[in-house]
Amino acid sequence: MDISVPNKPTLEFYTGEDVFPVWQEVAYLVDKAAAWGRGEYVGEDVLVMVSEKKMQLWLFRDEDGKVILVCVTQILEFPRRKVCNIYALAGRRMAEMWALFSLQGRKWLEVNGVEEIQTTCRTEIAEKIKPLGFEPLVHVMRLSAKEQS
């Protein structure tokens, strides 16, 4: 009779050179997030920023150790507050993994003096994360400088 307790999803944190051993395992998900962006970055840019400790990589694994979600964050410092910006997010089981991040990431946020979490995302992602407690704050609008004459 097997009475072993099933494994639970896990959360791993990487910043600095520690990211190199796991990069090949997560690069495709970071590239996937970048492909949906507005041309601000590609996956290799994230690798450089994380390895230089300018960003953080959060790696969520399922019960079998397989990567299911990747989150890239960056602490933004304003004159009167610190914000954790979710720079990239790709994978699956987002709501379940958010609960895991809320439990384990809270201490990291506190230690780093972070007051809130924010992200810039597509409308369909905004709808998915509203139930997690996110609320719309601003409209991001763009005008190409090349079109100005």
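The numbers here are math on the coordinates, done by the rules we state, and not lab data. Predicted, not measured: the structure shown is a model, and the values here were computed from it. Neighbour counts run over all protein chains shown; Cβ positions are idealised from the backbone, glycine included.
What ranking do 10, 15 get, fewest neighbouring Cβ atoms within 10 angstrom at the top?
10, 15
In the Gaussian network model of the chain, springs joining C-alpha atoms below 10 Å, which of 128, 32, 82 carries the largest mean-square fluctuation?
Among 128, 32, 82, the largest mean-square fluctuation in the Gaussian network model of the chain belongs to 128.
Which residue, 97, 47, 78, has the largest displacement toward the positive end of the dipole of region 1-122 when charges sit on each Cβ (Lys, Arg +1; Asp, Glu -1)?
78
Distance between the C-alpha centers of region 107-139 and region 60-104? Whole Å please.
10
Could you work out the relative contact order of region 10-147? I mean the mean sequence separation of Cα pairs under 8 Å and 6+ apart, divided by the number of residues, in percent.
It comes to 20 percent, rounded to a whole number.
Taking the Cα centre of region 10-147 as origin, work out the dipole magnitude from +1 charges on Lys and Arg Cβ and -1 charges on Asp and Glu Cβ, in debye rounded to 20.
420
Starting from the Cα gyration tensor of region 10-147, take the square roots of the eigenvalues, sort them a ≥ b ≥ c, and report rounded, prolate or oblate (rounded when a/c is under 1.5, otherwise prolate if a/b is larger than b/c, else oblate).
rounded
Could you give each residue of region 120-131 its phi-based ³J(HN,Hα) in whole Hz, using Karplus coefficients 6.51, -1.76, 1.60 with θ = phi - 60°, and x for Gly or Pro?
Per-residue couplings from phi come out as 10, 8, 5, 4, 5, 6, 4, 5, 6, 9, 3, x Hz.
Please identify, among 68, 117, 125, the residue showing maximal mean-square fluctuation in a Gaussian network model of the chain using a 10 angstrom Cα cutoff.
125
Out of region 1-109, which chymotrypsin sites (Phe, Trp or Tyr not before Pro) are coil in DSSP terms and have no more than 15 other C-beta atoms within 10 Å?
36
Which value in deg cm²/dmol, rounded to the nearest 500, describes the helix-derived mean residue ellipticity at 222 nm for the chain, given -39,500 (n - 2.57) per DSSP H run of n ≥ 4 and division by the residue count?
After summing the helix terms and dividing by the residues of the chain, the value is -10500 deg cm²/dmol.
Rank 137, 57, 103 by mean-square fluctuation in a GNM of the chain with C-alpha springs under 10 angstrom and give only the top-ranked residue.
137
Using the Cβ atoms and a cut-off under 13 Å, what net charge is assigned to the surroundings of residue 142, where Lys and Arg are +1 and Asp and Glu are -1?
That works out to 0.
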